[in-house]
Amino acid sequence: MQEHIPLLIAFDLDGTLWYPEVDTLSDAHTLRPVDGVCERTGMTRCMGVLDEYGSCLRLMGDSEEILSELMDGEMWDNTLVAYVSRTTEIESAHLCLRHVTVASSGTTMEDIGHHSEIFPGCKVHHFRNLSQATGIAFEDMLFFDNERRNTADVSKGLGVTSVYTPYGMTRSAWEIGLRAFAEAKQGGGRGHVLDQRDC
């Protein structure tokens, strides 16, 4: 078992956990859950959200596997999961969290998440809200995002260990983040930004 476990793991949504970006979908009132064949892509297993034009928002990369691990793994019993997003489509993002399933049991992203901070603006504000709501210090958090500016802001500004994931959540990015978090805790230092492409 790993000695240093984050008390909170935060994920960006668009381009990190799911694709496409939620603001490319039609109005929130037209979105509906889908579990089966995606009408647009023909994917045989599309457990996501479909808009009125047939665009399917779904988990990308290794997101489903990682979220399932956080849900089921005993080592994560004391770790909170948070979703942080700068989207302007707040209602649509929350609807997607309620309907995108992570496991065949029907568990949704919302079921796995303990907190969500979804609003436009610098993610430093999102993380300050998370710390205030949970009482968790920034150095006990781990963050994954596909936009470099977001990882830089929260790492340099707050000391959160952050992983830049330009290809979305991958097993490699996950392992890099856990290793970097443990190293930061062992060294007593502040978190820093890691680029999964450089490791």
Just to confirm, what accessible area per residue do you get for the stretch 115-168 at 1.4 Å probe, in whole Å²? 39
Residue-level accessible surface for residue 131, protein heavy atoms, 1.4 Å, Å²: 30
Overall Cα dimensions of the stretch 138-177, principal axis frame, Å, largest first: 25, 20, 9
Solvent accessible area, Å² - residue 94, 1.4 Å probe, full protein context: 60
Given H placed 1.01 Å from N in the peptide plane, which residues other than close sequence neighbours of residue 60 have an amide H under 5 Å from its amide H? 18, 19
For the stretch 114-164, rounded, prolate or oblate, judged on the Cα gyration tensor with a ≥ b ≥ c (square roots of eigenvalues), a/c < 1.5 rounded, else prolate if a/b > b/c? oblate
Output wanted: per-residue J couplings in Hz (rounded whole) for the stretch 123-130, from phi through Karplus 6.51 cos²θ - 1.76 cosθ + 1.60, θ = phi - 60°, x for Gly and Pro. 6, 4, 5, 4, 6, 4, 4, 4
Determine ³J(HN,Hα), in whole Hz, for all residues of the stretch 78-85 in sequence, where each value follows from phi through the Karplus function 6.51 cos²θ - 1.76 cosθ + 1.60 and θ = phi - 60°; x replaces Gly and Pro. 9, 9, 8, 10, 10, 10, 10, 8
Over the stretch 77-155, what number does the Rg to Rh ratio reach, with both radii from the alpha-carbon atoms and Rh per Kirkwood? 0.97
Determine how large the accessible area of residue 110 is when every protein chain is in place; take a 1.4 Å probe and give Å² rounded to the nearest 10. 90
For the stretch 73-153, the percent of accessible surface on carbon and sulfur atoms (probe 1.4 angstrom, ligands and nucleic acids excluded) is 43
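The values are calculated or read from the model by the stated rules, or taken from the named source; none is laboratory data. No experiment lies behind these values; they were computed from the predicted model shown. These accessible areas exclude ligands, DNA and RNA; they are computed on the full protein's heavy atoms, side chains included. Shrake-Rupley method; radii C 1.70, N 1.55, O 1.52, S 1.80 Å.
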